[in-house]
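Here the structure comes first, spelled out in structure tokens, and everything after it is commentary.
The values are calculated or read from the model by the stated rules, or taken from the named source; none is laboratory data. Note that this is a predicted model, so its numbers are computed, not measured. Here the Cβ positions follow ideal geometry from the backbone for every residue, glycine too, while neighbour counts run over all protein chains shown. Heads up: the accessible areas ignore ligands, DNA and RNA and are worked out on the full protein's heavy atoms, side chains in. Shrake-Rupley method; radii C 1.70, N 1.55, O 1.52, S 1.80 Å.
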Amino acid sequence: HDRFFTDKVTDHLFVFEGNGVVKDFTGTLTDYSECLVELESSSTDTSSSSSTGHQSNYKEDKKQRMQKMNDLKKGKREMQKIEKDIEKLKGQVSVLEKQIEDSADEGWTFLAELTDKMNGMNEEIDEKEMRWL
């Protein structure tokens, strides 16, 4: 199956382990495979691990995955907000450019104020674009 696709469309798994055991896993398929690799490597390191230790490790891993997922969602929301802000600022710059073109007879001080505003907005756009990258 296409792991990239499943990572994009899932954030919660029900893992059927056999013998009627179903594990509730919060995360993507890639997260689950990494968790399995970590569990296998830790079980080979410590051959005498109890089931309660295994369960507590799973709960700790789940907390870490939830924190990671929340951080990713927060970052995604921030990026969407930055994209909207950039578009809004570009619209405002276009309006200022039109005002500058239309107000050639207003005098140098007025034009300087509009140009300063436009330069400030362009700097803000540059900052947001750098943050977006």
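If you go through segment 8-57 one residue at a time, how many are under 17 Å from LYS68 (Cα atoms), part of a loop (DSSP other than H, G, I, E, B) and either modelled with pLDDT under 65 or open to solvent by 50 Å² or more (accessible area, probe 1.4 Å) (or both)? Of the residues in segment 8-57, 1 are under 17 Å from LYS68 (Cα atoms), part of a loop (DSSP other than H, G, I, E, B) and either modelled with pLDDT under 65 or open to solvent by 50 Å² or more (accessible area, probe 1.4 Å) (or both). Taking segment 90-114 as the range and being open to solvent by less than 50 Å² (accessible area, probe 1.4 Å) and within 23 Å of LYS128 (Cβ to Cβ) as the test, the residues that pass are GLY91, VAL93, LEU96, ILE100, LEU114.
Annotation: of all residues in segment 115-133 being without any contact (Cβ under 8 Å) to a residue 12 or more places away in the chain, outside any loop (DSSP other than H, G, I, E, B) and open to solvent by 100 Å² or more (accessible area, probe 1.4 Å), the one that is farthest from MET79 (Cα to Cα) is ASP116. Whether a residue is closer than 30 Å to LYS8 by Cβ and part of a helix (DSSP H, G or I) was assessed, and GLU78 passes this test.
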